[in-house]
Every structure is written in C-alpha cells, then in structure tokens.
Amino acid sequence: MARAAAVWANRMANHFIVCVGGIYVCFLTWSTMQERVTTQAYGEDQQKFRFTIVLNAIQAITASLVGYFYIRVIQKKPMLEMTKHRWMRFFQVALLNSSASPFGYMALRYINYPTMTLAKTCKMVPVMLMNKLLYRRHYPAYKYAVVAMITAGVSAFMLFKTSSKSKDSSKAVESSVYGLVLVFINLTIDGAVNSTQDQVFAEDREITGQHMMCMMNVCSTVLMSIWLLNPLNPELSSAIRFLSMHPRAMVDLAMFAVCGSVGQCFVFYTLAKFGSLTLTTVTVTRKFLTILVSVFYNGHSLNPRQWSAAGFVFAGITLDVYKKQTAKRPAVDTKASTRSGSVQVLLPEKKDLVEDDLLAAREIPELVVLQSGLGQNVSSSAAIGGDIRRRQLVEVAAS
C-alpha cells in the first residue's frame, strides 16, 4: 500500500511539473510573441505589423485545430453534434469575441505591455459594475475591497509612470489614457462574451469548455474570413505582402498562435488534474512573470513606485483568490452507499450560490460531484457545478 502511494505521488508530481512547466513556457512565450508582433518594427524599413484581424484569424484557425485535436486524440471523445441553434449560439459568442481582441491590440500602440497586462487584471470591475447597475446583484464586502485595491494600484502605476520633467509629459498622459480606454472597451466586450457563454452552458449541458474553445474559434475563423476576403478590404493582401517582405514576422506569428493554443490545453489538463486553486495560483504568478519578462527582455523601465503599485494590484488578486477558495464548501457524505462505489456530495442550495458571490461561485471546484472508479452515476444536483466548471474552464483558459 505504501509503495503504491509513493508511486502515485511520484506520478502526480511529474504531472504537476509538466502542467506548470507547460503553462509557463507556452504563455510566457505567447506573451513575448504578442508584444513583439504588435509593437516591434521589422526589417530595414522599420515597418510594424498592423493587421489585427489577420492576427486574430491566424490565432482562431490554430486554436480550432488544437481544440479538435485535444477532444478527438487526447480525450478520445466524439465531436459535438451541431444543430442550427448551436451554430447560432457559437457564432454569437464568436462575433463578440472577435470584436474584443482588436481593441486590446490597438491599446499596445499607446501603452506598453506591462501596463496592459496590469490593466487587464481589472476585468472584474466592469463585470461587477454592469451586474450591479443592470441586475441589482449584491457582492460581499471583500469584493469591493479587491476592486478598490486593483483600481488604485493600476491608477498609481499609470500616475507614477509620467515624470513632470519630461517635455512630452502631457502627450504621454493623453496617450496612456487613450490606451486604457481601449483596454476598458476590450474588457467590457469580454464581459459580454462571458455572459453569453454562461447562457450557452446553462441551456445546453452537453457543451464543454473544450467544445467552446474549438467551435467558437471555428466560427471566428468563418467571420473573419468573410471580412478579410471582402474585395473592398485590402488588409489580407497587405498582410501577405508584409509577411513576404519580413519572413521573421511569419515565425513570430506562428509561435504566437501555437503557444497560445497549446497553452490552453495545458490549462484544461491542469484544472482536471489538480483543481482550480492550483490553476488560479499558477495563472496569477504567470501574469506577474509576464510583466517581469516584458520588463527585462524588452527593456521596459519601471521605477520603484510602479513596482509597489504592481505589488498592490497582485495583493488584491491574491486576496480574491484566497476568499474564493475559503468560500463555503459543500459537505461530502463519505458514509453514503459504499456498496455502489460512489461518493455523494451534498451541494449548497442554488439560492445560496446566487446570494453569495456569483463570480466566486464559478470557481468552487467541489461543486462538481465526485465519483469513484467503480461508480458512474452522477447526481442530478451536479447541474449547478457542471455549469460552473465548464464556464471556469473557458474563463481561465482565456485569461
């Protein structure tokens, strides 16, 4: 028994190293390539890649292929049977998702990559604001504290960036504000994407996070292809001409698309093997490492006050993660029907989840009914947990 436990622990440790290493390598390379493609000047003529729809289309094509491979080869599951209604819903999500990304890429023309990475940690701010104004939803006190810490940290980061001695300080402030506005638009549309995905998962329980990843990107590819193949739109021909003149950009684009898509597969696998606490911790540290890599690899300079502001933002994120994981957990009935080989999880009432924090509830992994290897019967009370986990898969993978 002890030997078997040691073998199992060693195997899980190896899985953990592979998962965390895969997430770090893929997403740190992805972020580096994203910054390079969108901000670096290529060739002797010092031209920049400005074709954001082409960039999105390349990423969508790669993600759909990798998602299909993950479902069919790694999971060995059949693809989702598509109906007219499902196609309409996936196209709806794809349209919103395709509309959000260009604003993020355009923001990099006015703010640097560390600033955008830090600003994107404010994603919960527009989500909470819209839920509060439109749906009269209530949040616990710590959520408002987290939002205040993140907002104050990002504001301080931007304020400490500009020196009063600079001749172009007013112009720098104007550009920074415009860049942050673009990021805010990006985050707001992302919030609409999240809400639409919530509705899709709620009305169709056969759809998993992997299905969403694959089919949403298939639909995004179709939509962007229609836009790019429009004879009145010169973007595709201009992008092809740019890439033929600057082959280095083609390599960067390929690494950007592949690393982002493969990284999402590592996210799915890590969540399935180790749960959301481990994955959220890895995700938060990865974002901080992204800032470090951008600062040291691309030569961005941050003064001590900016580092303090960034630390304040991540302290708020850490508080949010901690409070989510210490939320009320469902009781596990270990005495239930051992003869049937199943473990019964006593889920909280649905109204308790709604009255608690909806944002936190989506990331409580214990809301998924646990099963032993002997039993395959799933309680109907798992419906809430199933929706939450499927939504969580997509949100963490996209972060």
Original post:
For segment 1-125, with the dipole built from +1 on Lys and Arg beta-carbon atoms and -1 on Asp and Glu ones, taken about the Cα centre, which of T115, Q40, V66 lies farthest toward the positive end?
Top reply: V66
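Using packing as a proxy for protection, rank 52-60, 210-218 so that the peptide with the highest average count of other Cβ atoms within 10 Å comes first. Kindly include the intermediate steps, with their values, before the conclusion.
On the way: 52-60: 22.1, 210-218: 24.7.
Taking the mean over residues of other Cβ atoms within 10 Å, the ranking is 210-218, 52-60.
Using a 10 Å cut-off on Cβ atoms, rank the peptides 196-202, 265-271, 7-13 from the highest mean neighbour count down.
265-271, 196-202, 7-13
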**OP:** Express the accessible area of segment 1-138 per residue in Å², computed with a 1.4 Å probe while the remaining protein chains stay in the model.
**Re:** 54 Å²
Subject >> Hz values of 3J(HN,Hα) by residue in segment 14-30 - Karplus curve (6.51, -1.76, 1.60), Gly and Pro given as x >> reply: 5, 4, 5, 4, 5, 5, 5, x, x, 5, 5, 5, 5, 7, 5, 5, 4
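Compute, for segment 64-110, the length of the dipole vector about the Cα centre, with Cβ point charges of +1 (Lys, Arg) and -1 (Asp, Glu) only. Units Debye, rounded to 20.
Details: 7 positive and 1 negative charges, 28 e Å.
For segment 64-110, the charge dipole is close to 140 debye.
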**OP:** Would you please give the residues with an amide H less than 5 Å from that of Q47, counting only those at least 5 places away or on a separate chain, with H modeled from the backbone geometry?
**Re:** Y42
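The values are calculated or read from the model by the stated rules, or taken from the named source; none is laboratory data. These figures come from a predicted structure and were not determined experimentally. Here Cβ is always computed from backbone atoms with ideal geometry, including for glycine, and neighbour counts include all displayed protein chains. Quick note on the areas: whole protein, heavy atoms, side chains included, nothing else; ligands and nucleic acids left out. Shrake-Rupley method; radii C 1.70, N 1.55, O 1.52, S 1.80 Å.
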